[in-house]
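Presented below is the structure to which this report refers.
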Amino acid sequence: MVKRSAGLLVYRVRHGVLEVLLGHPGGPYFARKDDGVWTIPKGEYGPEEEPLAAAVREFTEEIGTAPPDGGDALPLGETLQSNGKVAVVWAVEGDLDVTEISCNLFEMEWPPRTGRRQSFPELDRAAWFDLATARRKAFASQGPFFDRLLEHLAEQPGT
């Protein structure tokens, strides 16, 4: 069975520039990586959980605060991620201060083959990026969500 994840792409317009909120994965494998590894806050959900509710839960767990109440969540559809999961994402307009985040921890053996277990945050930081920068920073498989957000905003009156 294919694993599924749900997420929220929070966006804002500042000084006429569209920005999106992305998180940087925590843990030793991503510690020295920047371009191509940032992500939309998201996580796995099971068949018993409604995907949008899972997206809100995951955002809250990974950022440490509830998502902004930016009105109705805009469905951005699904994509197959590079890890084989199917991700479903919604966009929500709003603004958050993400200079400090409080994230869930995961545990793994580190260093490898030592038997020693350490805890790391799922996301170690979050930041706002304009779309050109977000495309460079994020996993390539998340690019379609940026395209769909742009398409939706272009269809809105007065934009």
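The values are calculated or read from the model by the stated rules, or taken from the named source; none is laboratory data. Treat the numbers as computed from the prediction; the structure is a model and nothing was measured. SASA here: full protein model, heavy atoms, side chains in, ligands and nucleic acids out. Shrake-Rupley method; radii C 1.70, N 1.55, O 1.52, S 1.80 Å.
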Quiz prompt | For the chain, Kirkwood radius (reciprocal of mean inverse C-alpha pair distance, Å) | solution = 16.2 Å
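Enter the accessible area per residue of the range 69-137 (Å², integer; probe 1.4 Å; all protein chains in place).
Details: 4150 Å² over 69 residues.
Result: 60 Å² per residue.
How large, in percent, is the carbon and sulfur part of the accessible surface of the chain at a probe radius of 1.4 Å?
On the way: 4440 of 8630 Å².
Of the solvent-accessible surface of the chain, carbon and sulfur hold 51 percent.
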Quiz item: If you take the alpha carbon radius of gyration of the range 1-84 and divide it by 2.2 N^0.38 Å, what ratio comes out, to two decimals?
Solution: 1.17
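Write down the percent of antiparallel bridges among all DSSP beta bridges whose residues are both part of the range 1-124, to the nearest 5.
Values: 19 of 27 bridges.
In the range 1-124, approximately 70 percent of DSSP beta bridges are antiparallel ones.
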Quiz prompt | Extension gain from GLU107 to HIS15, taking 0.36 nm per residue of separation minus the Cα-Cα distance | solution = 29.1 nm
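Pull out the extension gain between TYR29 and THR60, defined as 0.36 nm times the separation in residues minus the alpha carbon to alpha carbon distance; nm, one decimal. Kindly include the intermediate steps, with their values, before the conclusion.
Numbers: separation 31, 0.36 × 31 = 11.16 nm, distance 2.34 nm.
In short, 8.8 nm is gained.
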Quiz item: Could you give the angle, 0 to 90 degrees to the nearest 10, between helix 143-155's Cα long axis and the longest principal axis of the Cα atoms of the chain?
Solution: 20 degrees
Quiz item: Rounded to the nearest 500, what is the chain's calculated 222 nm mean residue ellipticity when only DSSP H runs of at least 4 contribute -39500 (n - 2.57) each, over all residues?
Solution: -6500 deg cm²/dmol
Practice problem: Would you please give the residues with an amide H less than 5 Å from that of LYS3, counting only those at least 5 places away or on a separate chain, with H modeled from the backbone geometry? | Solution: VAL86
Practice problem: Under a cut-off of 24 Å between alpha-carbon atoms, report the lysines in cross-link reach of LYS33, not counting same-chain residues fewer than 8 places apart. | Solution: LYS42, LYS85, LYS137
